[in-house]
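All remarks here apply to the structure that follows.
The values are calculated or read from the model by the stated rules, or taken from the named source; none is laboratory data. All figures in this text were calculated on a predicted structure; none of them were measured in a lab. Virtual Cβ from ideal backbone geometry, glycine too; neighbours counted across all protein chains shown. Side chains included, ligands, DNA and RNA excluded: accessible areas come from the protein's heavy atoms. Shrake-Rupley method; radii C 1.70, N 1.55, O 1.52, S 1.80 Å.
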Amino acid sequence: MQKNKLGSTGLEISKLSFGASSLGAVFHDINEKEAIRAVSVALDGGMNFIDVSPYYGHYKAETVLGKALKELPREKYYLSTKVGRYGKDGVNTWDYSGKRATESVYESMERLNIDYIDLINVHDIEFSDLNIVVNETLPALVELRDKGVVGHVGITDLQLENLKWVVDHVKEGTVESVLNFCHHCLCDDALVDYLDYFESKGIGVINASPLSMGLLSQRGVPAWHPAPQGLVEACKKAVAHCQAKNYPIEKLAIQYSVSNNRIASTLFSSANPANVQKNLDYVAEPIDWQLVKEVQDIIGDQKRVTWKNS
């Protein structure tokens, strides 16, 4: 598995990495034993970066991942988790205060059965007043970084302009990485417009959701998906085109998302060991760039159409 440098952090992370949101049974029930095995399959296949959040499954993802990590050598992986988004009893909650951020880090370490977090992120900053992120959340995480509790500090969001705004309003070196989703995939490549900016600041870039939250999937677009209908219909046509070519759109989507080496890593999530292995196999094969062009032509004027996070 190819490794890429994550900005100026000194971390070299696999170009395809394991997102642990599925371990929280976010979209459907999981088999916990299989989910734990999925983590091992990911690491055995060359992935060395795992991303999670207390928000996923309202603490369940961290809890299940913690059981998996108990059995794995700590030197085999880098771990990222987040602060700011939480939930309990099916109710989502948000708290971006410095006090809660600090508490959350220690709580996450307990659930994850670790004593050090390689990368701590402020989760989905658009749900906070960005001034609070700048003046409270990030300073609290920097203080933990200075104490050696965490290694590096980052921010995540769907909206690229929010990531840039926060970086512009903090001391250089505060934000060391950004995680953005649904903006480096077959139907939306807006992330590339920001790479020069992030590189100029020494900030590493992580991409997530190569299937654009299910738009690029043979399973069908989830009923809850917030994408506009025009984009949904265009992606359905693209899925059908790939099926006719006997080339699963999931394969093409994964391959495309990891194709830009200026992006340190792309996260995908699955609690199914077979699916993890399938994605590992996909990235080991060459991409069909002609098919990429055909798919993007089908998506047409719906390319880069986005939506509000929820």
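In the set Asn246, Asn275, Asn260, Asn279, which member is modelled with pLDDT of 95 or more, on the phi > 0 side of the Ramachandran plot and not aliphatic (A, V, I, L, M)?
When all the criteria are applied, what remains is Asn246.
Does Gly57 count as at positive phi and within 20 Å of the chain's Cα centre (by Cα)?
yes
For Thr102, all conditions in the list (1) under 19 Å from the mean Cα position of the chain (by Cα); (2) of a type outside the set (Asp, Glu); (3) closer than 24 Å to Leu130 by Cβ hold save one; what is the number of the exception?
(1)
Go through the stretch 162-188 and count every residue that is touching a Lys or Arg at 6+ places or on another chain (Cβ under 7 Å) and part of a loop (DSSP other than H, G, I, E, B).
2
Search the stretch 109-131 for residues being open to solvent by less than 10 Å² (accessible area, probe 1.4 Å) and assigned to a strand (DSSP E or B), and hand back the single one that is nearest to Gly84 (Cα to Cα).
Filtering first and then ranking leaves Val122.
Going by what's in this entry, would Val150 be described as under 20 Å from Tyr106 (Cβ atoms) and out of contact with any Gly (no Cβ under 6 Å at 6 or more places or on another chain)?
yes
What number goes with the only condition from (1) more than 20 Å from His169 (Cα to Cα); (2) without any contact (Cβ under 8 Å) to a residue 40 or more places away in the chain; (3) open to solvent by 70 Å² or more (accessible area, probe 1.4 Å) that Asn135 does not pass?
Every listed condition holds for Asn135 apart from (1).
Among the residues of the stretch 212-254, what is the count of those that are of a type outside the set (A, V, I, L, M) and within 16 Å of the chain's Cα centre (by Cα)?
The number of residues fulfilling the criteria is 2.
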